[in-house]
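Reviewing the structure listed below.
The values are calculated or read from the model by the stated rules, or taken from the named source; none is laboratory data. Given the structure is predicted, the values throughout are model-derived calculations rather than measurements. All Cβ positions, even for glycine, are placed from backbone atoms using ideal geometry, and neighbour counts span all protein chains on display. The accessibility values were calculated without ligands, DNA or RNA, using every heavy atom of the protein model including side chains. Shrake-Rupley method; radii C 1.70, N 1.55, O 1.52, S 1.80 Å.
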Amino acid sequence: MLIGRVIGDVVATQKAPSHHGQKILVVQPLHLDGSDRGEPVLAFDSVDAGTGDRVLLTTDGFSAMTAVGRPHSPIDMAVIGVIDAVELVDDVGK
């Protein structure tokens with residue numbers, strides 16, 4: 001799984017029949033400190049996320065297909081949660 005920020009959406013006039021009615025988001029993966037991590041990716045939306053939202057992505061194909069309710073579709077990434085807060089606890093040496 002990855003943390004990311006939604007930076008846009010995709011409009012596709014032609015897509016696989018299994019993808020009809022599905023919202024596709026452009027998501028910038030993030031490091032835990034909030035800085036960009038690599039290149040943006042495309043992910044199907046299962047939680048009605050929007051631009052600017054910090055989200056949780058699954059990169060496992062089966063989990064992605066299941067999250068959007070399309071168990072036999074060619075999907076490998078999906079937004080499965082909107083993140084309200086990230087708290088890092090440093091308990092080294094305690």
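General remarks:
- Since only Ala85, Ala49, Leu30 are under comparison, the one whose Cα sits farthest along the positive direction of the charge dipole of the chain, derived from C-beta charges on Lys, Arg, Asp and Glu, is Ala49.
- Once the chain from Val11 to Asp90 is taken as fully extended at 0.36 nm per residue, the excess over their C-alpha distance is 24.2 nm.
- Taking the DSSP beta bridges with both ends in the chain, the antiparallel portion is around 90 percent.
- Note on the chain: GNM, Cα springs under 10 Å; of Ala16, Ala78, Ala49, the largest mean-square fluctuation is that of Ala16.
- For the chain, the carbon plus sulfur part of the accessible surface works out to 53%, probe radius 1.4 Å.
- Gain in span if fully extended, His72 to His20, counting 0.36 nm per residue against the direct Cα distance: 17.4 nm
- Tail weight of P(r) past 17 Å, computed on alpha-carbon pairs of the chain, percent: 49
- Placing a label point 7 Å from the Cα of Asp48 along the Cα-to-Cβ direction, no residue of region 14-28 has its backbone N under 12 Å from that point.
- Taking Asp33, Asp60, Asp45 in turn, the Gaussian network model of the chain (Cα-Cα springs below 10 Å) assigns the largest fluctuation to Asp33.
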